[in-house]
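Taking it in order: structure first as structure tokens, then the write-up.
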Amino acid sequence: MHIKTKSINSESNIIMNINSKKILVVGAGFAGACYSRTLAEAGFEVDVIDKRSHIGGNAFDFINENGIRVHKYGPHLFHTSNLRVMRWLSRFSEWTPYTHRVRALLPNKQFVPIPINIDTIKTVFGKNFKDPSEAEQFIMRLGENYKNINNAADYLYSKIGKELTELFFRPYTEKMWAANLEEMDASVIKRIPIRFDGEDRYFPNDIYQALPSNGYDNLFASIFSHENIKIQLRMEFDKKIEKEYIHIFNSMSIDEYFNYSFGHLPYRSIKFHHRNEKKLTQHVWATTNFTDMGPFTRETCWDVLPNNCKIDNGIYAVTSEEPCDYLENEMERYYPVKTADGANEKLYELYKRMASDHGRITFIGRCGTYQYLNMDQVINQSLLGAHNWIEKMSHNKA
Ligand code: UDP
């Protein structure tokens with residue numbers, strides 16, 4: 001494919017070689033992988049760079065010293081109802097069905113299902129309900145009347161009342177976001193449904209829940225395995241290399257790209273503490289959420305995952321998560337912060353306008369678009385984005 005358009009980099013005013021097919025993708029996570037593969041299959045030559053020593057972005061996993069598969073950056077449990085996304089991924093890996101379950105650890109050391117369901121409500125309030133609708137009525141009476149829902153606290157107080165909010169959501173959210181429920185946008189909490197029946201799956205609304213049978217690392221290796229894709233790891237992005245490419249798809253944080261000229265976009269980060277344990281403490285569920293005010297939000301026991309490669313040697317791998325500001329964790333950006341006042345989105349928009357003036361760059365993925373996206377949403381957006389860009393280029397050519 002020859003590209004006819006004369007792309008002009010407004011910053012350096014370089015007129016591109018009109019026959020060039022070279023694309024730069026910054027970041028080898030899901031967004032970068034989807035763009036790379038789609039563009040490579042359309043005949044573009046794709047150079048991928050990543051500052052880390054591995055592909056896979058935050059989904060990267062590895063087999064630890066005891067033969068157990070561990071997700072280096074915390075649990076990445078794939079779930080989607082998007083058939084197109086599932087079909088695309090299935091080109092590159094076998095998938096092992098997996099149903100994720102989580103329990104919250106209460107101050108009295110009891111474990112209860114989270115998201116809240118009828119068993120959670122029974123345990124917390126010491127009540128029995130003859131059916132889900134009785135539990136629902138009970139919780140509805142606890143809900144407070146709000147004219148407008150302006151933040152996560154309003155949402156929770158209106159839905160489940162004070163007691164459940166303070167127990168399951170306030171400490172966890174403060175640890176996670178270093179902000180209280182009144183400061184956070186309701187959409188952050190709406191990720192967690194509230195149920196009145198016995199459903200205890202974390203993602204029951206999604207048709208597909210599965211893990212790549214040979215791990216994410218192999219999945220990514222397979223996606224990037226194309227003659228038109230070249231990957232360079234341990235390589236920081238440098239604007240100087242842009243001139244070699246007709247377009248740059250960049251998953252770095254947009255504020256960093258523009259030298260923080262409007263200020264920093266905040267991100268939460270996580271310090272992952274990986275350890276080995278002799279005794280299995282959790283059997284049925286993989287993740288335990290903590291309701292206390294200690295430093296940790298949750299803990300994942302990897303041997304519960306069906307693709308964990310576990311050999312029964314009595315040793316189990318566990319990872320606990322300690323949230324922090326990304327500035328305290330070597331600039332590792334994991335979560336864009338969606339506050340109720342929308343301030344961070346407004347800041348992002350300023351940078352986005354700068355990016356559209358650039359003309360040859362598209363920001364992609366969680367950091368590039370500053371959105372709290374699940375894996376399937378990143379994949380869907382990226383596949384669509386790549387196809388749309390290719391179509392636009394072929395129109396320019398015609
Ligand atoms: N949350 C909470 N208590 C919980 C689980 C979640 O307060 O036990 C809140 C918290 O603010 C969290 C948000 O809900 O950041 C979204 O939770 P989710 O499990 O979707 O977070 P992720 O897996 O993306 O880290």
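The values are calculated or read from the model by the stated rules, or taken from the named source; none is laboratory data. Remember, predicted model here, so these are calculated numbers, not experimental data. As a convention, Cβ positions derive from the backbone with ideal geometry for all residues, glycine included, and neighbour counts pool all protein chains shown.
Which is more than 16 Å from the ligand (Cβ to nearest atom), of a type outside the set (Gly, Ala, Ser) and more than 28 Å from Lys271 (Cβ to Cβ), of Ile229, Ile149, Ile160?
Being more than 16 Å from the ligand (Cβ to nearest atom), of a type outside the set (Gly, Ala, Ser) and more than 28 Å from Lys271 (Cβ to Cβ) holds for just one of Ile229, Ile149, Ile160, which is Ile229.
Check off (1) out of contact with any helix residue (DSSP H, G or I) (no Cβ under 6 Å at 6 or more places or on another chain); (2) within 14 Å of the ligand (Cβ to nearest atom); (3) outside any strand (DSSP E or B) for Glu330 and give me the number that stays unchecked.
(2)
Identify all residues within the range 108-139 that are within 16 Å of the ligand (Cβ to nearest atom) and either of a type in the set (Val, Ile, Thr) or in contact with an Asp or Glu (Cβ under 9 Å, 6 or more places away or on another chain) (or both); write none if there are none. Explain how you work it out, then say what you get.
Here is the first cut: in the range 108-139, the residues within 16 Å of the ligand (Cβ to nearest atom) are 110-117, 119-121, 123-124.
If the condition is that a residue be within 16 Å of the ligand (Cβ to nearest atom) and either of a type in the set (Val, Ile, Thr) or in contact with an Asp or Glu (Cβ under 9 Å, 6 or more places away or on another chain) (or both), then Val112, Pro113, Ile114, Pro115, Ile116, Asn117, Asp119, Thr120, Ile121, Thr123, Val124 are the ones that fit.
I want to confirm something. Restricting to the range 282-323 and keeping residues that are more than 16 Å from the ligand (Cβ to nearest atom) and surrounded by fewer than 18 Cβ atoms within 10 Å (Cβ to Cβ), which single residue is modelled with the lowest pLDDT?
Only one residue tops the list, namely His283.
List, please: which pairs have Cβ atoms under 6 Å, are six or more places apart or on different chains, and start with a residue in the range 98-124 that is acidic (Asp, Glu) and end with one that is crowded, with 17+ Cβ neighbours inside 10 Å?
Close Cβ pairs satisfying both conditions: Asp119/Pro113.
Name, by its number, the condition in (1) surrounded by fewer than 17 Cβ atoms within 10 Å (Cβ to Cβ); (2) within 18 Å of Trp302 (Cα to Cα) that does not hold for Tyr216.
Every listed condition holds for Tyr216 apart from (1).
From the list Thr339, Thr362, which one is under 18 Å from Arg191 (Cβ atoms) and more than 17 Å from the chain's Cα centre (by Cα)?
Thr339
For a quick check of your reading of the model, give me the residue pairs whose first member lies in the range 374-398 and is part of a helix (DSSP H, G or I), whose second is of a type in the set (Asp, Glu), with beta-carbon atoms closer than 9 Å and at least 6 apart or on different chains.
Close Cβ pairs satisfying both conditions: Asp376/Asp206.
Any chance you could count how many residues in the range 175-193 are more than 9 Å from the ligand (Cβ to nearest atom) and surrounded by fewer than 17 Cβ atoms within 10 Å (Cβ to Cβ)?
So the count comes out to 5.
Which of the residues spanning the range 278-334 are of a type in the set (Gly, Ala, Ser) and closer than 17 Å to Leu105 by Cβ?
Ala286, Gly294, Ser320
Lys279 - would you say it is surrounded by 14 or more Cβ atoms within 10 Å (Cβ to Cβ) and either among the basic types (Lys, Arg) or without any contact (Cβ under 8 Å) to a residue 60 or more places away in the chain (or both)?
So Lys279 does not fit the description; no.
Pull up the range 202-226, narrow it to residues that are out of contact with any strand residue (DSSP E or B) (no Cβ under 6 Å at 6 or more places or on another chain) and of a type in the set (S, T, N, Q), then point me to the one that is farthest from the ligand (Cβ to nearest atom).
So, considering only residues that are out of contact with any strand residue (DSSP E or B) (no Cβ under 6 Å at 6 or more places or on another chain) and of a type in the set (S, T, N, Q), the one farthest from the ligand (Cβ to nearest atom) is Ser225.
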